[in-house]
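The values are calculated or read from the model by the stated rules, or taken from the named source; none is laboratory data. If you're wondering where the values come from, they're calculated on a predicted model, not measured in any experiment. Glycine gets a Cβ as well: all are built from the backbone with ideal geometry, and neighbour counts include every protein chain shown.
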Amino acid sequence: MLDIQLLRNDLEGVAGRLAARPFHLDGMEFQVLEQERKLVQTRTQELQSARNSLAKRIGQAKGKGEDVAALMSEAGEANAELQSVEAKLLQIQAKLQDFLLLLPNLPHASVPPGRSPEDNAEVRRIGEPRRFDFQVRDHVDVGEALGMFDFATATKISGARFSLMTGQLARLHRALAQFMLEVHTREHGYTEVYAPYLVNAASMRGTGQLPKFEEDLFAVPRGEEGKLYLIPTAEVPVTNIVRDEIVPLELLPLKFVCHTPCFRSEAGSYGKDTRGMIRQHQFDKVELVQMIQPEKSYDCLEQLTGHAETILQRLGLPYRVVVLCAGDMGFAAAKTYDIEVWLPGQNAYREISSCSNFEAFQARRMQARFRNEKGKPELLHTLNGSALAVGRTLVAILENYQNADGSVSVPAALQPHMDGLERIARAS
RNA sequence: GGAAAGGUGGCUGAGUGGUCGAAAGCGCCGGACUCGAAAUCCGGUGUACGGUUCUCCGUACCGUGGGUUCGAAUCCCACCCUUUCCGCCA
């Protein structure tokens, strides 16, 4: 959510910066709502003030045993207008809130303009893609040849966009998550978190999934009106740790790492990445989340991105880092780096991590604050990034570490997590 | 799922429907005392929004949402949550 003060003071400027996404800000709608709000709110408060002092006088008069009939009728009359004007105010404020909740974040000044992924700018490229002296296979062929990937059975059990792994492949998947958690907790100073996979609407609103992106979520009905949502990323439960909290300054930065499954309906991506486990309804991810003072958040974004890159470096996977252009960024982000891993089977770099600074956008929705040097509550900045998407990392390993005989080498960094296993081969 | 108790400011904890945004204590901040500290004493100490604009003023907020009333932390209804006991359960 954007600061409503900013809209009041510089509507043109905000509209200009949002146009880069591109997003059309309806300035007229806002101004009309604001004008009305001001009028109605002022009147409401006047009437409330009058009611309060009148009620007070009635109380005092009664205390002295005086006649209060005249005062009572006066109060009764004023109440009629108050009631209607209060209802009107609630209605306008709700409209204003809806308006604000649907505005995306402002892109940071360092974000390149542009509308499509082609406008993203490569920041750095690390590692040399390996040369193969045999015909490379994609992860599906590699995994199925090993007899450890079974998409057909996954489809039988659940439907499209689910996967089933068995044996050493399932173990590799587990080892990856384990390895990532250990690097981040031991070397990068993150606190491990176990968090709920089902969250309420307030949490989804806090991080920005709601109200605009409900169709991307899986919902579980519960009770009469209520429902819970399956998390699309650990970002949601973990960031909401600080919702409605005022964090003491000395606790900052808060750094959390959390491994969860993620659930996404992938509505609107029909026909996209239908093969293999690139785009699934359910996938595992290790997520980094930080909460920090505003003046430090961009340094933190660089660090956090570096933490994600560490995993790829340790695994010996070639990758590049791109800064997303304004048009390719998510709704809540002010700046995002995508990390793309090299996939020989696709002969392309594919997203494996997305690291973003949300500035105060989420914090304002969540009322997530810290107590600054002056002792005043101030909105936090929130950041997060995948480090990494476990399923896609597994894909990258299958493709980059495949051997001519159909086996897959286990990256050295993972071997300690797999009882020293060096190669995954078909069981004979 | 059943029964009971309870949700008040950073914490503990009062609060006959009427100067209650809320006693008191603790904590915290400032000051006095002190060479310094402790103890003691004095003063201050919630959040959000709006108006004004840097000084104030107003409004709202006592789990959430409704209701009764001139007036609700206080009464009524619904819901949520917590604790304890029982049942069930990994």
**Fill in**
Listed by first then second residue, the pairs whose first member lies in the stretch A:65-81 and is without any contact (Cβ under 8 Å) to a residue 40 or more places away in the chain, whose partner is within 11 Å of RNA strand B (Cβ to nearest atom) and part of a loop (DSSP other than H, G, I, E, B), with beta carbons under 8 Å and at least 6 positions apart or on separate chains, are none
**Asked** If a residue has to be more than 14 Å from A:LEU106 (Cβ to Cβ), within 10 Å of RNA strand B (Cβ to nearest atom) and of a type in the set (Asp, Glu) to count, how many in the stretch A:1-48 make the cut?
**Response** 2
**Item:** Residue list for the stretch A:82-95, filter: within 10 Å of RNA strand B (Cβ to nearest atom) and surrounded by 15 or more Cβ atoms within 10 Å (Cβ to Cβ)
**Value:** A:LEU82, A:GLU86, A:LEU89
**Message:** So A:VAL410 passes all but one of these: (1) within 16 Å of RNA strand B (Cβ to nearest atom); (2) aliphatic (A, V, I, L, M); (3) surrounded by fewer than 24 Cβ atoms within 10 Å (Cβ to Cβ). Which condition number does it fail?
**Reply:** (1)
**Request:** Please list, ordered by first then second residue, the pairs with beta carbon atoms under 6 Å, 6 or more apart or interchain, first in the stretch A:129-141 and under 14 Å from A:ASP405 (Cβ atoms), second of a type in the set (A, V, I, L, M, F, W, C) and in a loop (DSSP other than H, G, I, E, B).
**Result:** A:PHE134/A:ALA404
**Prompt:** Right, A:ALA234: among the small types (Gly, Ala, Ser), surrounded by 22 or more Cβ atoms within 10 Å (Cβ to Cβ) and within 24 Å of A:GLY206 (Cα to Cα) or not?
**Reply:** yes
**Fill in**
Here the qualifying pairs (Cβ atoms under 7 Å; residues six or more apart or on different chains; first in the stretch A:245-265 and farther than 23 Å from A:ARG365 by Cα; second of a type in the set (Ser, Thr, Tyr)) come out as A:THR260/A:TYR197; A:PRO261/A:TYR197
**Prompt:** Tally time: how many residues in the stretch A:156-170 are more than 18 Å from A:ARG279 (Cα to Cα) and in contact with an Asp or Glu (Cβ under 9 Å, 6 or more places away or on another chain)?
**Reply:** 1
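Conditions tested, residue by residue: (1) within 16 Å of RNA strand B (Cβ to nearest atom); (2) surrounded by fewer than 19 Cβ atoms within 10 Å (Cβ to Cβ); (3) at pLDDT below 95; (4) not basic (Lys, Arg).
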site: A:MET165; (1), (2), (3), (4): no, no, no, yes
site: A:GLN178; (1), (2), (3), (4): no, yes, no, yes
site: A:HIS184; (1), (2), (3), (4): no, no, no, yes
site: A:TYR194; (1), (2), (3), (4): yes, yes, yes, yes
site: A:LEU198; (1), (2), (3), (4): yes, yes, yes, yes
site: A:GLY206; (1), (2), (3), (4): yes, no, yes, yes
site: A:ALA219; (1), (2), (3), (4): no, yes, yes, yes
**Asked** Taking strands (runs of 3 or more DSSP E) that fall entirely within the stretch A:305-399, which contain at least 2 residues that are touching a residue at least 60 places away in the same chain (Cβ under 8 Å) and crowded, with 21+ Cβ neighbours inside 10 Å?
**Response** A:319-323, A:335-343, A:348-359, A:381-389
**Request:** Can you tell me which residue within the stretch A:61-81, out of those that are of a type outside the set (D, E, K, R) and within 6 Å of RNA strand B (Cβ to nearest atom), is nearest to the chain's Cα centre (by Cα)?
**Result:** A:ASN79
